[in-house]
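The values are calculated or read from the model by the stated rules, or taken from the named source; none is laboratory data. In this text the structure is predicted, and so the values were computed from the model without any measurement. Because the Cβ atoms are built from the backbone with ideal geometry, glycine has one as well, and the counts that use them run over all protein chains shown. With ligands, DNA and RNA removed, areas are computed over all heavy atoms of the protein, side chains included. Shrake-Rupley method; radii C 1.70, N 1.55, O 1.52, S 1.80 Å.
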Amino acid sequence: MNTDITAEPMRFDTKIAVLLRDDLEPWQRLNVTSFLVSGLGSQVPEVIGEPYEDADGVAYLPMFRQPVMVFEATKEVMAAAHARVLSRALPRAVFTSDLFGTGNDRDNRAAVRAVATAELDVVGLVVYGPRNGVDKVVKGARMHP
């Protein structure tokens, strides 16, 4: 195991980006982000690194192997990003405003399924893929403060 944290930083050809609508409350931003990244980690195994272990041998779960960039955008930019991610067929997860009114996975899936793609009120989106493709999806968004 390489424990040299002074080694040259890794540069990734891929990017993980979370896009949040800018009118969300702080608790909603955190909730949406955690839900979105859980979808990515469960379906795109190459984004997950190795398990962690401290100096005493206590094991910890693995996490993403690369940084997660978090952006915010207006409702209009969010809608455009949603259309772009679909046209690029990149791995993605979506969180709609309806999900704030549900309390479990079954109802969450039913709430998304009940709305046509073009009518989804997207408040959060995660996307993974080649850096340039992800950058094009989040075009017009700004880094989350």
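Summary of values
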{"quantity": "When residues of the range 110-128 are limited to those that are over 14 Å from ALA93 (Cβ atoms) and part of a loop (DSSP other than H, G, I, E, B), the one most open to solvent (accessible area, probe 1.4 Å)", "calculated": "ALA114"}
{"quantity": "Residues satisfying the stated conditions in the range 13-29, i.e. out of contact with any Pro (no Cβ under 8 Å at 6 or more places or on another chain), assigned to a loop (DSSP other than H, G, I, E, B) and either open to solvent by 90 Å² or more (accessible area, probe 1.4 Å) or at pLDDT below 95 (or both)", "calculated": "ASP23, GLU25"}
{"quantity": "Selected residue [out of contact with any Leu (no Cβ under 9 Å at 6 or more places or on another chain) and among the basic types (Lys, Arg)] from ARG65, ARG29", "calculated": "ARG65"}
{"quantity": "Condition met for VAL70 (open to solvent by less than 30 Å² (accessible area, probe 1.4 Å), touching a strand residue (DSSP E or B) at 6+ places or on another chain (Cβ under 9 Å) and closer than 24 Å to PRO130 by Cα)", "calculated": "no"}
{"quantity": "Selection count, the range 73-92, where residues are assigned to a strand (DSSP E or B) and open to solvent by 20 Å² or more (accessible area, probe 1.4 Å)", "calculated": "1"}
{"quantity": "Of all residues in the range 30-61 being among the small types (Gly, Ala, Ser) and open to solvent by 50 Å² or more (accessible area, probe 1.4 Å), the one that is farthest from THR96 (Cα to Cα)", "calculated": "ALA55"}
